[in-house]
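Written below as structure tokens is the structure these notes are about.
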Amino acid sequence: MGKLVKLRIDGREVEVPEGTTILAAAAAAGIEIPHLCHHPELSPAGICRLCLVEVDGRLLTACYHRAAEGMEVHTDTDRLRRLRRLNLELILSDHPLDCLVCERNGTCELQRYAYEFGLEGNRFRGPDYDRQELPAREDNPFIRYEPEKCILCGRCVRACEEVQGRGVLDFASRGFSTRISTGLDRALTEVNCELCGQCLAVCPTGALTERARRFRGREWELRRVDTVCPFCGCGCRITLHIKDDRIVRVSGGYRGFRLCVKGRFGLSFVHREDRLRTPLVREGSGFREASWEEALDLVAERLLTIKGRYGPDAIAGLSSAKCTNEENYLFQKLMRAAIGTNNVDHCARLCHAPTVAGLVAAFGSGAMTNSIDEIVDADCILVTGSNTTEAHPVIAQEILRAVRRGATLIVVDPRLIELAEHARFHLRQRPGTDVAWINGFCHVILKEGLWDRDFVRERCENFEEFAEVVERYTPENVEGITGIPADALVEAARAFGKAERGMIFYSMGLTQHTTGTDNVLAIANLAMLTGNVGRRSTGVNPLRGQNNVQGACDLAALPNVLPGYQKLADPEVRGKFERAWGVKVPERPGLTVVEMFQAALEGKVRAMVIMGENPMVSDPDISHVAEALERLEFLVVIDIFPNETTRFADVILPAASFAEKDGTFTNTERRVRRVRRAVPPPGVAKPDWEIICELATRLGYPMSYSGPAEIMDEIASLAPIYGGISYGRLESGGLQWPCTDPDHPGTPFLHEGRFVRGKGRFHPVEYRDPAELPDPEYPLTLTTGRVRWHFHSRTMTGRVAGLQELVPEAYVEVNPRDAARLGIGDGDRVRVSSRRGSITVTAVVTARVPEGTVFIPFHFGEAAANALTNPTLDPRSKIPEFKVCAVRIEPVGK
Amino acid sequence: MREGRILLARRVNRQEIVRKFPRREDQLLPLLHALQRANPQNYLTPDDLRAAAEHLRLPLAAVYDAVTFYSMFSLFPRGRHIIRVCRSPTCHLLGAIPLIEALERELGIRIGETTPDGFFTLEAVSCLGLCDRAPALMIDGESFGPLAPKDVRELLTQYREVKR
């Protein structure tokens, strides 16, 4: 914090940091100055003139002018009241007074000031103005725009430019005809708009509103429930606004208003008619409804029979990164204590298992080291294998904010992802060659003396072995392997090496390889070499995909650890859990996701319990998964919707969605936040934790909790990193683990002063080819990923009409040169085949993918990218190689 | 076929114009003027706006903002020559209204319209800065004044002959 300045506002003495605006200084002193165009999260504009104040008789806009030493400010003189009133009358003069049917009635900022200033009529009624002739527009699925209600404050324009980095909106025309336009008045769906709704969140009037809320309830009729968004690992805090037990709208988000299209507009799935409402039991080729009693008795009876006949390890369970911490804890307890097997895993195996393996080996902890709110202060940001804009929208906003403040952005990604357009360096490596370029970075940084000698000497070990290996990764050698031009690699490496605060972000582009763990180790080497660990705005930051994938890992929905990453192999740890759980904890590590299906095929696993996962879309080589599920003697699926996987079930149990239960989620920055019940579940559906308790009890292991708070207390007593977390403390906000005791404030960044494992360990890693390389038969490389409008297997977003309308089906991105060679045109139907299967999709011809590489989003069950992908595993973390496989493409006839 | 060729020619021409301008935000207005001048119908097409936005790396919304703010840009086809008649206070006092009436009569169009042969568009502007020659008008870059209603016919006839 810089210097402080002292000033007087309305006779009150105020001291604020230099650079604070008069408006903010007044707010700090408890004095509210009226304003309409200003928004605390956007740059000042000085448009509405309501915030005029008097300083030495001069009129200044308080939003724009900064507080200065000795300033004498008056905010409430007769002259100011007169001027403000006049300005307000002028703003109101071409605003329709239809508050009776306006969605913002009661929350409209213009209405509020009109009331406070007692404006009863309009002295300035003129001819009908052009703007009032403009009809309301609903030319996109989510946002309604009523030009006549717009007061031209420009908040939406600034939000789009400054928060989202898009600049889709701007003023158009002038005088009375001025309006906000996308340019040529195109629909939002025709421009580079994400429909994030940041514009709508900052609009002071009813000009921009949610289409879906129209006539569904005025603000004072709505009940508000604070909870956490159920989509990605950003884990934004949201507020649900509810009437008649239905979600009318969503507010909140990062810094109070920033959300993405899914969080803001994608929650209507909660109320879908096709939710599972009652337990279902297989009957012939279909299902019939059953009571909870009957269904749970059947599940218990079958599981006990199978356990009795084949032993507990014949049963395997998939827990869920969508469920709460408490539910994941209970699920693994169900498997370990009630059934007696470590065969429990979840989809983290398919995303960040290498992160956990690699970062634990290098640092001692597998989680994102730093926090989201530190991004803005980084001076160099390296993003690789993360299409952040699509997969973690709010984090991408923060990265863009840092770039606007001068940070250097380096993107290493084969595809021309959106962040690459804002990057100083975009290096396009051949898919699967990451170890080579990361070693290349280290090589350059070592060679040019840009490494942090003190940090390496004092805090790390095994440096020499590492240095010896990277010695061979000269820029020229790296170019040969990766295709990244040597000089570009050198320059980007230099930029990262010179950074004072360098942050690294990565995601599945780095992990979903047979070399996934090596990739992570290499990244950890780079961060240690440059001393970018253990300080604010630095670190190795794996972005976790699911809302609670961090929590599911923390609570040990994993086959080889106990809650809080405590070693299963450690007898002392097992002893602690055995005392708490009153049963023997099995010692042998269990099976991972892909191994479970293999074991099912081999007849070693006979029954599965799947909670909130859809392996029939999300796992590699789906036909293999289908065969495995067919082969099971018994499958019980707990979910909120019927999906591709429930088709194989013997019993389906209906669960409550995130909006229908209490609990906690842990987001990608290790922040534990409260999820709160907002509406009742449909039919007789129940929260997963209740289902688990009842099932465990029927299996002869009674489980009974008064509620999730009590489960969290049990977690805190067993897992030291959650030791200080309790519902009481979470009432006032989230807590970042490690939080070891009730007074511990939580940990924004890890490894300060000391790595969790003691010294940071360099691991020399050598480049290895991906498991499957293109050949004459399958000449192209397929890589998979996400689009921002859908989430994962689309169980939720596929049921949100607007999102479905935006991206209705799968497609394959093909480089124009490949397309020309193969005779494929944009929009053609093509067959994409690998050694494992083939799917038919629409071709999108685009230079976003480099020549020789094609891309398919993996969300779509009907044309599943994972029918093609390679289930070959990384030997250490057992993650399959989703990101590289060899395919061929051919046009299909009409 | 012929129309296709014209469209193609326009596209090539547009790229040639755009390329002459440095990729700087402050080049927006000169670039838009150049594109508008190159169009025989004196207006900017959506493709012109897109080309300018792409070249200067500006959002289309920002380009559209500028185009709709300044009255000398048009998004609709106009005549080959633009008559801008001044109605500032000085011109008004010295007879702008009769002059405008004479122009409308002679051209057979109202302010804002284009003659059927596409030769002239008649526009009114706030001030041309030609108060010493009021009432005044400009045709494209050339100024005329003071003008009486009776001068209009000769002026227009002469202009048509010179420019044809």
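The values are calculated or read from the model by the stated rules, or taken from the named source; none is laboratory data. This is a predicted model, so every value here is computed, not measured. Positions of Cβ are backbone-derived with ideal geometry, glycine not excepted, and every protein chain shown enters the neighbour counts.
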inquiry  = Tell me the residue from B:Gly118, B:Gly112 that is in a loop (DSSP other than H, G, I, E, B), within 23 Å of B:Ala38 (Cα to Cα) and touching a residue at least 40 places away in the same chain (Cβ under 8 Å), please.
reply    = B:Gly118
message = Suppose the filter is touching a Pro at 6+ places or on another chain (Cβ under 7 Å), surrounded by 22 or more Cβ atoms within 10 Å (Cβ to Cβ) and among the small types (Gly, Ala, Ser); does A:Gly516 pass it?
response = yes
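Before we move on, is B:Arg87 away from chain A (no Cβ under 14 Å), in contact with a strand residue (DSSP E or B) (Cβ under 9 Å, 6 or more places away or on another chain), closer than 14 Å to B:Cys131 by Cα and not polar (S, T, N, Q)?
Yes.
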ask   = Just a yes or no: is a residue in the stretch A:138-152 over 14 Å from A:Ala45 (Cα atoms), in a helix (DSSP H, G or I) and either within 11 Å of chain B (Cβ to nearest Cβ) or at pLDDT 90 or above (or both)?
value = yes
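Considering only the stretch A:64-81, state which residues are part of a helix (DSSP H, G or I) and surrounded by fewer than 18 Cβ atoms within 10 Å (Cβ to Cβ).
Correct list: A:Asp78, A:Arg79, A:Arg81.
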Any chance A:Lys243 is buried (at least 23 other Cβ atoms within 10 Å of the Cβ), charged (D, E, K, R) and under 30 Å from A:Cys203 (Cβ atoms) = no
inquiry  = Quick check on A:Cys193: is it within 14 Å of chain B (Cβ to nearest Cβ), in a helix (DSSP H, G or I) and buried (at least 19 other Cβ atoms within 10 Å of the Cβ)?
reply    = no
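Here are some residues: A:Phe496, A:Phe466. Which one is over 29 Å from A:Cys347 (Cα atoms), within 27 Å of the chain's Cα centre (by Cα) and not in a loop (DSSP other than H, G, I, E, B)?
That would be A:Phe496, the only listed residue that is over 29 Å from A:Cys347 (Cα atoms), within 27 Å of the chain's Cα centre (by Cα) and not in a loop (DSSP other than H, G, I, E, B).
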task = Could you check, for the stretch A:332-340, whether at least one of its residues is assigned to a loop (DSSP other than H, G, I, E, B), crowded, with 16+ Cβ neighbours inside 10 Å and at pLDDT 95 or above?
result = yes
query = Are any residues in the stretch A:857-875 within 14 Å of A:Ser623 (Cβ to Cβ) and either of a type in the set (S, T, N, Q) or outside the structural domain of A:Arg794 (by TED's automatic domain parsing) (or both), and if so, which ones?
reply = A:Asn866, A:Thr869, A:Asn870
task = Looking only at the stretch A:751-768, decide whether some residue is touching a Pro at 6+ places or on another chain (Cβ under 8 Å) and either outside the structural domain of A:Leu718 (by TED's automatic domain parsing) or farther than 30 Å from A:Pro720 by Cβ (or both).
result = no
note = So, first residue not assigned by TED's automatic domain parsing to the domain that holds A:Asn815 and among the aliphatic types (A, V, I, L, M) in the stretch A:828-842, second residue surrounded by fewer than 20 Cβ atoms within 10 Å (Cβ to Cβ) and at pLDDT below 95, Cβ within less than 7 Å, six or more apart or across chains; the pairs are none
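Conditions tested, residue by residue: (1) at negative phi; (2) surrounded by fewer than 18 Cβ atoms within 10 Å (Cβ to Cβ).
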| site | (1), (2) |
| --- | --- |
| B:Arg24 | yes, yes |
| B:Leu29 | yes, yes |
| B:Leu44 | yes, no |
| B:Phe76 | yes, yes |
| B:Gly79 | yes, no |
| B:Phe120 | yes, no |
| B:Gly129 | no, yes |
query = Identify, please: which residue in the stretch A:196-219 is over 30 Å from A:Val376 (Cα atoms) and out of contact with any His (no Cβ under 9 Å at 6 or more places or on another chain) and is, among those, nearest to the other protein chains (Cβ to nearest Cβ)?
reply = A:Ala207
inquiry  = Criterion first (outside the structural domain of A:Leu188 (by TED's automatic domain parsing) and either among the hydrophobic types (A, V, I, L, M, F, W, C) or out of contact with any helix residue (DSSP H, G or I) (no Cβ under 9 Å at 6 or more places or on another chain) (or both)) does A:Glu813 satisfy it?
reply    = yes
message = I'd like to verify a number: residues in the stretch A:82-114 that are surrounded by 12 or more Cβ atoms within 10 Å (Cβ to Cβ) and either assigned to a helix (DSSP H, G or I) or on the phi > 0 side of the Ramachandran plot (or both), how many?
response = 18
Hits in the stretch B:39-84 - residues which are of a type in the set (Gly, Ala, Ser), under 30 Å from A:Glu421 (Cβ atoms) and facing chain A (nearest Cβ under 10 Å) = B:Ala53, B:Ala61, B:Ala62, B:Ala66
ask   = In the stretch A:671-709, which residues are aromatic (Phe, Trp, Tyr) and either in a loop (DSSP other than H, G, I, E, B) or farther than 19 Å from A:Phe641 by Cα (or both)?
value = A:Tyr701, A:Tyr705
request  = Answer yes or no: is there a residue in the stretch A:745-753 that is over 30 Å from A:Asn532 (Cβ atoms) and not charged (D, E, K, R).
outcome  = no
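Results for (1) of a type in the set (A, V, I, L, M, F, W, C); (2) at pLDDT 95 or above; (3) out of contact with any helix residue (DSSP H, G or I) (no Cβ under 8 Å at 6 or more places or on another chain), shown as yes or no for each residue.
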position: A:Ile33; (1), (2), (3): yes, yes, no
position: A:Glu41; (1), (2), (3): no, no, no
position: A:Glu54; (1), (2), (3): no, yes, no
position: A:His74; (1), (2), (3): no, yes, no
position: A:Ile91; (1), (2), (3): yes, no, no
position: A:Asp98; (1), (2), (3): no, no, yes
position: A:Phe117; (1), (2), (3): yes, no, no
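Inside the stretch A:169-188, can you point out the residues that are in contact with a Pro (Cβ under 8 Å, 6 or more places away or on another chain) and either modelled with pLDDT of 95 or more or among the β-branched types (Val, Ile, Thr) (or both)?
Matches in the stretch A:169-188: A:Asp170, A:Ile180.
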key: Whichever residue in the stretch A:178-190 is of a type in the set (A, V, I, L, M, F, W, C) and more than 7 Å from chain B (Cβ to nearest Cβ) and, among such residues, is surrounded by the fewest Cβ atoms within 10 Å (Cβ to Cβ)   = A:Ala187
key: Tally of residues being more than 11 Å from every other protein chain (Cβ to nearest Cβ) and either under 17 Å from A:Cys63 (Cβ atoms) or in a helix (DSSP H, G or I) (or both) across the stretch A:157-172   = 4
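Is one or more of the residues making up the stretch A:573-587 assigned to a loop (DSSP other than H, G, I, E, B) and surrounded by 24 or more Cβ atoms within 10 Å (Cβ to Cβ)? Can you show your working first?
We begin by selecting, within the stretch A:573-587, every residue assigned to a loop (DSSP other than H, G, I, E, B); these are A:582-587.
Then keep just the ones that are surrounded by 24 or more Cβ atoms within 10 Å (Cβ to Cβ); that gives none.
No, the stretch A:573-587 has no match at all.
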request  = Scan the stretch A:611-621 residue by residue and report those that are aliphatic (A, V, I, L, M) and surrounded by 24 or more Cβ atoms within 10 Å (Cβ to Cβ).
outcome  = A:Met611, A:Val617
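To keep it simple, each residue is scored yes or no on (1) part of a loop (DSSP other than H, G, I, E, B); (2) under 19 Å from A:His39 (Cα atoms); (3) within 14 Å of chain B (Cβ to nearest Cβ).
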| site | (1), (2), (3) |
| --- | --- |
| A:Phe176 | no, no, yes |
| A:Cys234 | yes, no, no |
| A:Thr239 | no, no, no |
| A:Ser251 | no, yes, no |
| A:Lys262 | no, no, no |
